[in-house]
Amino acid sequence: MGLLTFILATSIAVLPPHKYDRPFHGNLVITEHQNILEQCGWHVACMRGPYRDFRGVFCEISIPKQGETIYSLNYSKWYGKVDWWWTKQFIKHERGHCNGWPGYHPNQRLVKRK
Ligand SMILES: [Zn+2]
């Protein structure tokens, strides 16, 4: 399962290599949560899948609500206010896991906010 690591406080996102940074071929379900740290076991975003059921192939992504300020205390510390830029990075990261990027984040790309 893809647990998320966004490191180095507020301005650097960990993104998957390009081969995993693409649309998910299936049903991508993205849910915003007010209590994301509880939802994701102290990670600031997380995913489940891909899995198949009678409806097709699914991947579910949980991300924090925009406007929330989050202090994550786990090893992958993240602190900051969630805005649209972060929402995009969280989705790209987790969608990478939906596309098969392993949970230990090989060949990650660190993207600095401009
Ligand atoms: Zn991850």
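The values are calculated or read from the model by the stated rules, or taken from the named source; none is laboratory data. Computed from a prediction, not measured in an experiment: that's the story for all the values here. Note: ideal-geometry Cβ built from the backbone for every residue, glycine included; neighbour counts use all protein chains shown.
Return the residue satisfying two criteria in turn: it lies in the range 36-67 and is among the basic types (Lys, Arg) and loosely packed, with under 11 Cβ neighbours inside 10 Å, and of such residues it is farthest from the chain's Cα centre (by Cα). Spell out the reasoning first.
From the range 36-67, those among the basic types (Lys, Arg) are 48, 52, 55, 65; that's our starting set.
Now drop any that are not loosely packed, with under 11 Cβ neighbours inside 10 Å, which leaves 52, 55.
On the way: 52: 20, 55: 24 Å.
Going through the qualifying residues, I end up with 55.
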Since residue 80 meets every condition but one in (1) in a strand (DSSP E or B); (2) within 16 Å of the ligand (Cβ to nearest atom), which condition does it not meet? (2)
Residue 95 versus (1) modelled with pLDDT of 95 or more; (2) surrounded by fewer than 16 Cβ atoms within 10 Å (Cβ to Cβ); (3) not in a loop (DSSP other than H, G, I, E, B): which is the lone unmet condition? (2)
Residues satisfying the stated conditions in the range 77-92, i.e. over 15 Å from residue 48 (Cβ atoms) and surrounded by fewer than 21 Cβ atoms within 10 Å (Cβ to Cβ): 77, 79, 80, 81, 83, 84, 85, 87, 88, 89, 92
